[in-house]
Every structure is written in structure tokens, then in C-alpha cells.
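Q: Could you have a look at this structure, given as C-alpha cells, before my questions?
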Amino acid sequence: MPKRIPGLFCAPERPWPGSLLDFSARAVQSCAMLEIAVFLCGAVVMVLELAGSRVLAPFLGTSIIVWTSLIGVVLGSLSLGYWWGGRLADKRPDPRLLSRIILLAAVATLLIAGLKGALLAFLQNRAGLSAATLAATAALFAPVSVLLGMVSPFAVRLRMNDAAHSGRTAGNLYALSTVGSIAGTFGAGFWLTAAVGTTNLVLCMAGVLLAASFCVHAGDLRAKLAAAALAALAALGLNLHDADLRSASIYDLDTPYQRVLVYTGRSTGTGRLLRMLSTGPEGSQSAMDLADPTRLALPYTHYYRLAGHFRPDVQHMLMLGGGGYSFPKYALSHPEEFGGAPRMDVVEIDPGMTDIAREYFGLADLPGLALRHDDARRFLNGRAAAGGYQVALVDVFTSHLSVPFHLATRETAQALFRALDAEGVVLVNCISAAEGPKSRFYRALLATYRSVFPRVESFLLEPDDPTSPQNIILAAFKSSAPPLLESANPDHAALLAQRYLPPAALPTDPPVLTDDFAPVDHYLLDL
């Protein structure tokens, strides 16, 4: 019997003549199967990295902290894999060994799908966001990234025939891996994630790695069949779990831009049954009263009714951020509050979110409603630049504590200023404390709008506790005339009574937010 080297990656010291291993070694040397494997592994790296943001989002959000942890851990793991793979390939340049490495990467990918729910639920509230995201990404994505990092240097060693062409050999294979990564990036970002969903995408990548393992070496059939059976069982089990969630009216949905959870809950204030929409770990971004679909179910949305108080002559409104379309449904179903026959343009970047609103939140083609699927800033710089709106409403979040920074800057406020007529008003929803160490986002946003609009008022959802994070509505007026802050309408009067007078500016206040400097995610970390 030939000698074997003990350890996980043991193989005969030299291939048996005529054996399957000898055939596989010759096949790798004589055809492009190795190159196919390198391409596939490069694609899987980027698909998993993009899918990682969806895996983490329901538990840790989508802030720059999450992306920083994900990108940093993946890059660090790939670097370790390059180093380890090069050393291992020099010691044992055997296609069978590389095949086993890729097979292990397939198993590690399956573990992501199987462990993500329990692991992220455990880590979510046991550490700060930075520590939790680092731990989660290291546990879920570091093993597969290390193993996939080993592939390119190992493939270079297998393809190395002479020193005179070593540079070209290495360049070709690393370029092929990068082309695979580009294909994976565009495929996952533009199509796959929304088409198949996060969990199914991860399972598909395990299957792709299993195929790549076969491309390198056709042996180890038992191990590969076991991995394939494990993938099939994981897919079956997770799909049964999703079916159980759907039977309980819990829907885990992927759109081109984000992962969305839709579920049924009860209002803590009224006990009414609500359908909720969430894009992150904290709270819900939209809700619908199942007994009265046009009623405003979340308290902060009532403050948008002040649009009809400040501009009773409103004819044309602009809303940035659609979500579940709660306020557009309300405003166009209660036209008497908003000038009698209002029109509303709603700018929502995510067409998938609009589809969810249609299917689960009762959105219909209402008279006067115009849907624009575009980035809000791009819309402001384009169609809205001509002006003519009486009211603009801003409610843009990627998750509960993540705001697109470019929609919180002075340049955005200036674009809103241009979009309004001479007496126009902007109502902006932000989540922050009004005072104390957790107030940095509110103080920065207030300073930003004050740098553009002559008058800015604040309304707190919980004015008795200004140090507590809460919804704060900023009302910015294009006219310098004092706004009317009282009303005979009892609903409007109750909202106006929540007016908050912020303390005078302090030297420690954050500066005005600009396109060049807008650390919005860092301010929101305080919450």
C-alpha cells in the first residue's frame, strides 16, 4: 500500500497509475476545468459578501458599521486564505487536496444558512453593534472566506509548469477569479438576491462550490454525495420553516434593495391588530390597521397631518420614502384635510417595496397618487427642481437606525427649498433624543435645516422625556413669517401642543451635515 500523510487532507504520495486520482490529475492539467473552478469560487466570494448584508440586516441593521465589519472580515479572511493556500500548495500540489478544500467551503456555506438565525439572535443584544457585527461576520463568513481564499494560489501552483511563465500563469488565474467576482457581484446585486431570496441564494452557492469541487477532482464521491444530500436536507428544512412562518402570517421577503419582514402584531397602545413592516432589528417602519387599512397606525405618522394645517390650500405634495405607503393612503382617502383634492408624488427607490405595499398593505391606484421609483436625491435634482409643491414630507430610512446620509445634508435641504413654492413647508421625520448625549443626530439635522430655511420648528412624540430616543418631526418653513401654531381642530391642536423649543446652540453641537461630511450612522449609534 502507498504511504499516506496523516491529517484531514491526506492523499497518496503519488497517484496510482490508471486510478481515478491519476485521471483527475491529467484532466486538470489538460483542460479548462481548473479555470472553471477558479471562476466559480471567485463568483461565490462576492455573492456571499452581498448576501451577508441581508443575513445580518434583520438582527443588526444595514448601517455602515455592518458593512465595515462584513467587508473587513471577508478581506482579512481572504488574506489568511491566500497565505495558507500558497504554503499548502507548495507542500502538496495535488488536485484532490484542492477539491477537498472547495468541498469544505461548500459545507461552511451550508452552515451559514443553518446557523444564522440562532447565532444572530444570540449576539443581537449581548454586545455593542460593532462587537456584535464583528463576532457575527467572523463566525458566519470567515471560515468560508478563508477556504475560498486558498483556491487561487493553489490553482496557480497546479498550473505552474516553468518559472519563465509563472507571472503570466498567476496573472491569468487571479484575473479569472476577479472576473468571477465581478460576475457574482452583478448577478447577486441586480438579479439573484431578489429573485431567489437570501437563504436560497446561500444554499445555491453551496451547490456551486460542490460543482467546482467536482471540476477540480472527480474522486471523493462519498463525501461529495454526502455534502449534496446535506444541502438538499438543509433546503428542505429551511423551506418547511418558511412555510411554517407563512402559515403564521410572517413573511420573509427580499427586494432588489433590502430584506423585509412582514408580520402581524398588536398595537401596544390600543391593542388593535396590525400588519407590520420591518427592515431592521429595532421597531417597525410601517404598519396597517387590519380593521381600518387607511387609519394611521403608527403615532409619528399623525404629525404629517400638520401638512393640512400649515398649508390648508395644498394642492400638490411630495413624499420621499414610500415604505408601506401609510400616509399616502390616508391623505388621498381623506382629501377634506388636505385642500379638497390633493395630488401626491411618492418617491420610493425600491420597486419591491411598492410591490409589498400592494400585496400586504392595501396600496391601490388612488386618484392623485403618482409613484416614482427613483433615488430621492436624484428626483430632487431632476423633476422636482422646477418647484411647485406646497408640502414636502421626508421619511427615509434603510432600517430603523440607518438613514441614507445624502438625504440628511444641507444640499438636500437646498433641493427641497427649491422644490417648494414661496409658502412651502417641509415635514421631516427623524429618530433621536432631543437633549443629552443621544441627541447628536437631531442637533445636527436641526442645524442643517436652519442653515437653509428661515424658520424650523420641532415636535416631539414624547416631550416629557426629551433625553429619550424618539420620533421628532422637524417643520421647516420657506417663508420667514411666523407659522400658525394653534388650531381650532382638536387633532391638529393636540399635535401642535407637542412643540419643543430646543436649547440654544452649544459649542459642542455637531456641525451642519453636508455631502462632504455627514457621519449620520455614527450619530445614530448613540441610540
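Q: Scan the stretch 234-258 for residues that are aliphatic (A, V, I, L, M) and touching a residue at least 24 places away in the same chain (Cβ under 8 Å) and report the count.
A: 4
Q: Let me ask something else about it. Out of the residues in the stretch 268-278 meeting the condition of being more than 14 Å from the chain's Cα centre (by Cα) and at pLDDT 85 or above, tell me which one is nearest to G52 (Cα to Cα).
A: Applying the filter and picking the extreme gives L277.
Q: Moving on to the next point. Just to be sure I understand, how many residues within the stretch 124-162 are within 19 Å of the chain's Cα centre (by Cα) and closer than 20 Å to L110 by Cβ?
A: The qualifying residues number 5.
Q: Condition test on L474, is it in contact (Cβ under 8 Å) with a residue 24 or more places away in the chain, crowded, with 16+ Cβ neighbours inside 10 Å and of a type outside the set (S, T, Y)?
A: yes
Q: Follow-up question, since we're still on this one. Looking only at the stretch 249-265, how many residues end up being out of contact with any strand residue (DSSP E or B) (no Cβ under 8 Å at 6 or more places or on another chain) and among the small types (G, A, S)?
A: Number satisfying all stated conditions: 0.
Q: Then there's this: Can you say whether F417 is more than 16 Å from P299 (Cα to Cα) and at pLDDT below 95, as far as the supplied structure shows?
A: no
Yes/no matrix, rows are residues, columns are (1) among the aliphatic types (A, V, I, L, M); (2) under 19 Å from M317 (Cβ atoms); (3) over 29 Å from the mean Cα position of the chain (by Cα):
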| site | (1), (2), (3) |
| --- | --- |
| G424 | no, yes, yes |
| F441 | no, no, no |
| T448 | no, no, no |
| S451 | no, no, yes |
| L496 | yes, no, yes |
| P510 | no, no, no |
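Q: Now for a different question. For the stretch 214-237, does any single residue satisfy the condition of being closer than 21 Å to V151 by Cα, at pLDDT 90 or above and β-branched (V, I, T)?
A: yes
Q: For the stretch 279-296, give me each residue that is within 19 Å of L56 (Cα to Cα) and either modelled with pLDDT of 90 or more or surrounded by fewer than 17 Cβ atoms within 10 Å (Cβ to Cβ) (or both).
A: Listed by number, the residues that qualify are E282, G283.
Q: Mind checking which helices (runs of 4 or more DSSP H) fall wholly inside the stretch 274-381 and carry at least 1 residues that are closer than 24 Å to Y257 by Cβ, not hydroxyl-bearing (S, T, Y) and not assigned by TED's automatic domain parsing to the domain that holds V55?
A: 326-333, 351-360, 376-381
Q: Among the residues of the stretch 50-96, write down those that are among the charged types (D, E, K, R) and either in contact (Cβ under 8 Å) with a residue 40 or more places away in the chain or within 20 Å of F405 (Cα to Cα) (or both).
A: Scanning the stretch 50-96 gives R54, D90, R92, D94, R96.
Q: Quick check on my filter: what residues within the stretch 443-456 are buried (at least 23 other Cβ atoms within 10 Å of the Cβ), without any contact (Cβ under 8 Å) to a residue 60 or more places away in the chain and of a type outside the set (A, V, I, L, M)?
A: Y449, F453
Q: Can you confirm whether the stretch 514-522 contains a residue that is among the aromatic types (F, W, Y), surrounded by fewer than 22 Cβ atoms within 10 Å (Cβ to Cβ) and within 34 Å of the chain's Cα centre (by Cα)?
A: Looking for residues that are among the aromatic types (F, W, Y), surrounded by fewer than 22 Cβ atoms within 10 Å (Cβ to Cβ) and within 34 Å of the chain's Cα centre (by Cα), one finds at least one in the stretch 514-522, hence yes.
Q: Any residue at all in the stretch 163-179 that's more than 22 Å from S99 (Cα to Cα) and surrounded by 15 or more Cβ atoms within 10 Å (Cβ to Cβ)?
A: Within the stretch 163-179 (the criterion being more than 22 Å from S99 (Cα to Cα) and surrounded by 15 or more Cβ atoms within 10 Å (Cβ to Cβ)), the answer is no, since none of the residues qualifies.
Q: Let me ask you something else. Testing S145 on (1) at pLDDT below 90; (2) surrounded by 23 or more Cβ atoms within 10 Å (Cβ to Cβ); (3) of a type in the set (S, T, N, Q), one condition comes back false. Which one is that?
A: (1)
Here is a yes/no grid of residues against (1) β-branched (V, I, T); (2) touching a residue at least 40 places away in the same chain (Cβ under 8 Å):
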{"position": "A138", "(1), (2)": "no, yes"}
{"position": "V156", "(1), (2)": "yes, yes"}
{"position": "H165", "(1), (2)": "no, no"}
{"position": "G171", "(1), (2)": "no, no"}
{"position": "S177", "(1), (2)": "no, yes"}
{"position": "A195", "(1), (2)": "no, no"}
{"position": "L201", "(1), (2)": "no, yes"}
{"position": "M205", "(1), (2)": "no, yes"}
{"position": "C215", "(1), (2)": "no, yes"}
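Q: State all residues of the stretch 362-378 that are surrounded by fewer than 22 Cβ atoms within 10 Å (Cβ to Cβ) and touching a residue at least 40 places away in the same chain (Cβ under 8 Å); if no residue qualifies, say none.
A: The answer is G362, L369, L371.
Q: Name the residue that is nearest to S284 (Cα to Cα), counting only residues in the stretch 225-272 that are among the aromatic types (F, W, Y) and in a strand (DSSP E or B).
A: Within the stretch 225-272, the match that is nearest to S284 (Cα to Cα) is Y263.
Q: Here's a follow-up. Hey, T68 hits all of (1) β-branched (V, I, T); (2) at pLDDT 95 or above; (3) surrounded by fewer than 19 Cβ atoms within 10 Å (Cβ to Cβ) but one; which does it fall short on?
A: Evaluating T68 over (1) β-branched (V, I, T); (2) at pLDDT 95 or above; (3) surrounded by fewer than 19 Cβ atoms within 10 Å (Cβ to Cβ) leaves (2) as the failure.
The values are calculated or read from the model by the stated rules, or taken from the named source; none is laboratory data. Here the structure is a predicted model, which means the values were calculated and not measured. A quick note on method: Cβ atoms are made from the backbone with ideal geometry, for glycine too, and the neighbour counts reach across all protein chains shown.
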